[in-house]
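Engineer: Below: one structure in structure tokens.
The values are calculated or read from the model by the stated rules, or taken from the named source; none is laboratory data. Because the structure is a prediction, the values reported are computed rather than measured. Cβ sites come from the backbone with ideal geometry, for glycine too, and all protein chains shown count toward neighbours. SASA here: full protein model, heavy atoms, side chains in, ligands and nucleic acids out. Shrake-Rupley method; radii C 1.70, N 1.55, O 1.52, S 1.80 Å.
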Amino acid sequence: MAKDDLKQQVVELINRNRYSKLITFGLDGAPHGRIMTNLPLGKDMVIWFATGLSTNKIKDIKKNPTVSVFVDDPNDQTNASIIGKAEIVTEDRLRKKFWQEPFGFFFPHGPSDPDYCLLKITPKKVEYLNPGPRFIQKRTRVIINI
């Protein structure tokens, strides 16, 4: 599978699923996983999540920006494991662009809430698996450095 084809497959996988799992490495060095709401993804395959500046995941990322994102489709078991670098984004234009009404539960002051921020994950390596229909041996497993 060509790199551009893989990127397209991963973009489609993330865009058709509501959640991904974000794994950071805690201050103790141990991995910590969390379910995150997927935000719209473009062809560049940069992954965006909304979170709070006061969360433990932000503390983890400040110490170690290397993260893993895992997304899977329960309907066909297609999945991708993505290793990348996380950046904390507080730019107002982007906070407004990615704002969703349900975020108001966590950030009552809307997109200008001082705790609201975005995580920008730039992929470095992707492992993609499409096991194919059950009992049919048409499988795709690709590992590519981005």
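Engineer: Whole number in Å², please: accessible area per residue of segment 1-103, 1.4 Å probe, ligands, DNA and RNA not counted. List each step's numbers first, then the result.
Structural biologist: Working: 5570 Å² over 103 residues.
Heavy-atom SASA per residue in segment 1-103 reads 54 Å².
Engineer: Report the longest stretch of the chain that contains none of the trypsin sites (Lys or Arg not before Pro) sitting in a DSSP loop with at most 16 other Cβ atoms within 10 Å.
Structural biologist: The longest such stretch corresponds to 44-133.
Engineer: Using r as the Cβ-Cβ distance of L94 and N145, and R0 as 41 Å, what FRET efficiency do you calculate, to the nearest 0.05? Write down the numbers at each step before the final one.
Structural biologist: Numbers: r = 27 Å, r/R0 = 0.65.
The formula returns an efficiency of 0.95 here.
Engineer: Please turn the phi angles of segment 23-38 into ³J(HN,Hα) values with the Karplus equation 6.51 cos²θ - 1.76 cosθ + 1.60 (θ = phi - 60°), one per residue in order, whole Hz, x for glycine and proline.
Structural biologist: Listing the rounded values in order: 10, 10, 10, x, 4, 8, x, 7, x, 10, x, 9, 8, 10, 6, 6 Hz.
Engineer: Which entries of K57/K120; K7/K62; K21/K57 show an alpha-carbon separation above 18 angstrom in the structure shown?
Structural biologist: Among K57/K120; K7/K62; K21/K57, the Cα-Cα distance tops 18 Å for K7/K62.
Engineer: Quick one: compute the contact order of the chain, relative version, from alpha carbon pairs under 8 angstrom and 6+ residues apart, as a percent.
Structural biologist: 24 percent
Engineer: Determine the share of the chain's accessible area contributed by carbon and sulfur atoms, expressed in whole percent, with a 1.4 angstrom probe.
Structural biologist: 52 percent
Engineer: Across 10 Å bins from the origin, how do the percents of Cα pairs in segment 5-121 run, short distances first?
Structural biologist: In order of increasing distance, the bins hold 13, 45, 34, 7, 0 percent.
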